[in-house]
1. According to the Kirkwood expression over distinct Cα-Cα pairs, how big is the hydrodynamic radius of segment B:8-72, in Å?
2. Run the simple label-point estimate for residue A:82 and residue B:69 please: 7 Å along Cα→C-beta, distance reported in nm.
3. As a check on your grasp of the helix formula, calculate [θ] at 222 nm for the protein assembly as shown: sum -39500 (n - 2.57) over DSSP H runs of n ≥ 4, divide by the residue count, round to the nearest 500.
4. Among A:154, A:178, A:209, which one moves the most in a GNM of chain A with springs linking Cα atoms closer than 10 Å?
5. Consider all pairwise Cα distances in segment A:59-124 and report the whole-number % of them above 21 Å.
6. Between A:162, A:208, A:110, which gets the highest mean-square fluctuation from a Gaussian network model of chain A, Cα cutoff 10 Å?
7. Using alpha carbons only, how many angstrom separate the centre of segment A:110-129 from the centre of segment B:68-122?
8. Rounded to the nearest 0.05, what FRET efficiency is calculated for residue B:33 and residue B:104 with R0 set to 60 Å and r the Cβ-Cβ distance?
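Values in this text are rule-based calculations from the coordinates and carry no lab data. Not measured: the values here are computed from a predicted model. Cβ placement follows ideal geometry from the backbone for every residue including glycine, while neighbour counts extend to all protein chains displayed.
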Amino acid sequence: MSIKTQMVTPILDVRNVNKEFNFHGRKVPILKDVSFSIHENEFLSIVGPSGCGKSTLLRIILGLVPPDKGEIIYKGERIQSVSPHMSMVFQSFALLPWLTVIENVELGLEAQGIPKEQRQKRALKIIQEVGLEGFEDAYPRELSGGMKQRVGLARALVTDPEILLMDEPFSSLDPLIAEGLREEILKLWSDKSTSPEIVIMVTHNVEEAVYLSDRVIVLSHRPGTVLSEFDIDLKRPRNKRGQELYELVDKITSLIA
Amino acid sequence: MSIPKVHYSRLIGLLEALEDFGGKVDIAKIADDLNLELDDLLPVIEAAELLGFLRTESGDISLTNEGLEFLSNGTRGRKKHLGKKLLTLDHFKKLIEFINQKEDKSITKEELSNFLAEELHEIDSKAVSEWTIEWGRHGLLLRYNSKEDKIKLL
């Protein structure tokens, strides 16, 4: 771990996480002794080859899947079920096709028992922030991939989470759409008046990870274990096509390949 | 081309990428960088050109002053800017006039399609009506409720 990250108390601690899956009666280890911490205002990416358990790790952090061994500590407390302080954006958008944009967004609040009127007010505000204004009444089938992912993002943000988890959020999008959406995620995260404070993103795209993150964690082939951590000390706004960025991308890629 | 026929999010992506390249770049180079075929990129370039955000010149594309101004806005500001820009296109001008003439200030999707075919001579009027709704929504000019099948002015 770097000196810089040791000095502050972490918001979230991933401690010695292990996970196995049963596959046709055989136990397959997916994650092995994974430990790292996440600090305030940090944008963290987890990269690794496919099948290294990075998506499983994200689900364990959220509290959706329990680890076999190890624990997730959020502000000193152990996560034991889905945490209300976190929400997740999925690669596949995971929208309900029979609900409109605003109804899909409000869904994030319904579970929290917030009255209808308040739900609508909050949903409309987030819809505006993520650029969905004008599409409130649209159904998912009427939307492009980029707009669908904005709905996924709005649904995640409407609960005002401290930590936003993103599982390959750009990988099923057209490259141009992904380009624009990355910028918007950065804007949302860097605006200190809005949530989230922390973003944890899983991606197989090293360039994307380096461009967006303060720190990149590299997982090994299955079973995934932390191979290395990189502090990305490039000044923001960053030049996506700059030499310094590419040097880091090369270094990290050579670890994975 | 009467209105853009690509997704708005792609237009934004192209403009953002172009800004990263310092506002001017060779078309082949940016296509290669974005991992896109030229065929994929050209309609987006055309759309940006139609809106006055970008200029093409001997194989290069560059941001116009208006394009730079558009990008400097936040999410909402961009939509407002886009809306103003769309209103300068004949397509939207005539459509809004048409909707305004209706008693309840609304039309169905079929009425839109017919209007585009008959009044604006669009050949593929069905597809163009989808783009009209999409861009009208982005520019905060139109609302569309598919359950009631009503297109209204915002």
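1. Numbers: mean 1/r = 0.0881 Å⁻¹.
After inverting the pairwise mean of 1/r, the radius is 11.3 Å.
2. 4.6
3. Numbers: 16 runs with 176 residues, N = 411.
Computed ellipticity for the protein assembly as shown at 222 nm equals -13000 deg cm²/dmol.
4. A:178
5. Values: 862 of 2145 pairs.
Tail of P(r) above 21 Å: 40 percent of Cα pairs.
6. Result: A:110 has the largest fluctuation of those listed.
7. When both Cα centres are located, 29 Å separates them.
8. Details: r = 49 Å, r/R0 = 0.82.
Between residue B:33 and residue B:104 the formula returns 0.75.
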